[in-house]
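Report on the structure given below.
The values are calculated or read from the model by the stated rules, or taken from the named source; none is laboratory data. Remember, it's a predicted structure, so these values are computed and weren't measured experimentally. As a convention, Cβ positions derive from the backbone with ideal geometry for all residues, glycine included, and neighbour counts pool all protein chains shown. Surface accessibility is based on the protein's heavy atoms, side chains included, excluding ligands, DNA and RNA. Shrake-Rupley method; radii C 1.70, N 1.55, O 1.52, S 1.80 Å.
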Amino acid sequence: MGSGNRHVEVEKKFDVPAGTVFPSFDGLAAVARVERQPAQSLDAVYFDTPGRDLAAHRITLRRRTGGPDAGWHLKLPAGPDARTEVHAPLDTSAEAGEATVPADLLDIVLAIVRNRPLAPVARIATARNVVMLYGGDGAALAEFCDDEVSAWALDPGDGGTGEEQRWHEWELELVDGEMDGATDLLQRLGNRLLDAGAVPAGHGSKLAKVLDTAATAPEEPEVSSDPVHQAVAEQVEQLLVWDRAVRADTYDSVHQMRVITRKIRSLLQASEESFGLTDDAWILDELRQLAAVLGVARDAEVLAERYEAALKGLPSELVRGPVYERLVEGAQRGYQSGLRRSLSAMRSARYFRLLDALEELVATQPPEAAPGEEPAPVSIDSAYRRVRKAAKNAAAATEHRDEALHRIRKGAKRLRYVAAATGEPKVSDRAKTIQTLLGDHQDSVVARAHLAQQSLAAYAAGEDTFTYGLLYQLEDDLANRCREQLDDALSALRKAFKKAH
């Protein structure tokens, strides 16, 4: 279980055909005691947008009364048989159909809901009998729920109620979905339900069953045969996943969301004709600016981690003055400030407009080739030429060399993503090596500029600046090592490209 109002729910659902017998858990080594709980009467109203956007992303949002966990429940995909569940308390002053979704829960799925209204889409009443399973140490292992369900689809437009649906199902949920051996335990317990005559549920949730039966489920988008188009679609989906992680301030989430944003932009630039774009397209500029906003927090996060690691690696006598407070804690404060700025941008109409535009691009199929012509495949040629040109310019540069090297990195990044999407793994790997190498170099450039600035501030405050110089030298040494390895990395890329062509 997680802490606070959020935990990971690991469960299996089963349909219960007529003639199924009640399951037995006798003889399982893991189960020492079985205890029946008082019967529960649950009543839940589920909310979604008119277009069922939450359902399309396998997310459920409900307001439930009755039972020990009455309240608002938001359930998010977290892997096979697992969901992250977030709770919020009930507003007892409002009726279910008139209740307002708690702001904290709405913010988690804001990138999916955006500025669209949320309204009741289903009501599900459950008569539940619960059996708790305990281990030899007395700790609860799992909860078995025997549910008789009555459900109605609701029309968010006029509040109309669909025909009543009834069914019988079982749920088996682990108390601690992150325990060692959780997957094996869930499988063994589930086998007992199958032995009793149950079958794996045809739906991932009660809500999915209601909406599918009522023919109100969102349509599956048509999948493009173009590999770059498919890659963009996958990355747009990942953008929404990392959006939620950033809102939860999950470690490294800002970095990952920024990477996804840049990857989408690189893929769109590499296949502009397929998406009807030009170099100055609005959507490309918006992606660049979103990455820049995320970069404020990301750069501070990198600095804090680099400084902390470097200072820990130094003998204590070489760390002089309040350098940790000024560098590490200062960068951590910069991260928090950058995160707030990122979240502000991610709650704006401008961000929603970008997400709408991305989904529209993904939903639009690439233009068909003229009769008798084969569609021109996206190739890595232009992306590779961009890297070669940037490398030649960097070799000839007498000043602004750091900027020239950074342009090689940006070219290598685009080449990496396009090569991965078009089935050129060797080229993608070699481009990734260059991207990583020059990424370390660029981080060193940023760190040295920041160290010089902080050293001046420390000097003005009368502090010892010896450690700043030492750290600066370490970063300069790292940058030199990166530059020394670049020629070999470019040569390896050239060989991989020639072999692929």
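Compare the Cα positions of Ala18, Gly423, Ala248 along the charge dipole of the chain (+1 at Cβ of Lys, Arg; -1 at Cβ of Asp, Glu; about the Cα centre) and return the one farthest towards the positive end.
Result: Gly423.
Check each of the GluC sites (Glu not before Pro) in region 219-320 and keep only those in coil by DSSP with at most 16 other C-beta atoms within 10 angstrom; list them in order.
Glu219, Glu222
Show me 439-447, 386-394 ranked by packing, highest mean number of other Cβ atoms within 10 Å first.
Values: 439-447: 19.4, 386-394: 17.8.
Top to bottom by mean Cβ count within 10 Å: 439-447, 386-394.
Tell me the mean residue ellipticity at 222 nm calculated for the chain from its helices only (DSSP H runs of n ≥ 4, each -39500 (n - 2.57), averaged over every residue, nearest 500).
-16500 deg cm²/dmol
Check Val121: other-chain or 5+ apart residues with amide H under 5 Å from its amide H, H built from backbone geometry?
When sequence neighbours closer than 5 places are left aside, the close amide H contacts are Tyr46, Phe47, Asp48.
Taking only protein heavy atoms and a 1.4 Å probe, what accessible area per residue, in Å², does region 205-330 have with all protein chains in place?
Roughly 46 Å² per residue, with all protein chains present.
Treat every Asp and Glu Cβ in region 457-501 as -1 and every Lys and Arg Cβ as +1, leave all other atoms uncharged, and give the resulting dipole magnitude about the Cα centre to the nearest 20 debye.
Numbers: 6 positive and 8 negative charges, 147 e Å.
Charge dipole, region 457-501, about its Cα centre: 700 debye, nearest 20.
Over region 388-468, with the other protein chains present, what is the accessible area per residue in square angstrom, probe 1.4 angstrom?
Computed with neighbouring chains in place, this is 51 Å² per residue.
Which of Leu267, Ser205, Ser41 sits farthest toward the positive end of the charge dipole of the chain, with +1 on the Cβ of Lys and Arg and -1 on the Cβ of Asp and Glu?
After comparing all options, I get Leu267.
Select from the chain the helices, each a whole stretch of DSSP H, whose alpha-carbon atoms run 15 Å or more along the helix axis and whose Kyte-Doolittle mean is at least -1.0; answer none if there are none.
Long hydrophobic helices here: 182-195, 227-247, 253-270, 282-312, 330-345, 349-363, 381-396, 401-421, 425-460, 466-500.
Mind checking region 126-198 for GluC sites (Glu not before Pro) that DSSP puts in a loop (not H, G, I, E or B) and that have at most 11 other Cβ atoms within 10 Å?
Counting only loop positions with at most 11 other Cβ atoms within 10 Å, the GluC sites (Glu not before Pro) in region 126-198 are Glu163, Glu164.
Give me the percent of the accessible area of the chain that comes from carbon and sulfur atoms, probe 1.4 Å, all protein chains in place.
Values: 12230 of 24990 Å².
After summing per-atom areas, the C and S share lands at 49 percent.
State to the nearest 20 debye the size of the charge dipole of the chain about its Cα centre, where the only charges are +1 on K and R beta carbons and -1 on D and E beta carbons.
The dipole magnitude comes to about 1960 debye.
Contact order normalised by length for region 49-150, with contacts defined as Cα pairs under 8 Å and 6 or more residues apart; what percent is it?
Dividing the mean separation by the residue count of region 49-150 yields 20 percent.
Please state the charge dipole magnitude for region 196-332, taken about the Cα centre, from unit charges on C-beta atoms (+1 on K and R, -1 on D and E), reported in debye and rounded to the nearest 20.
600 debye
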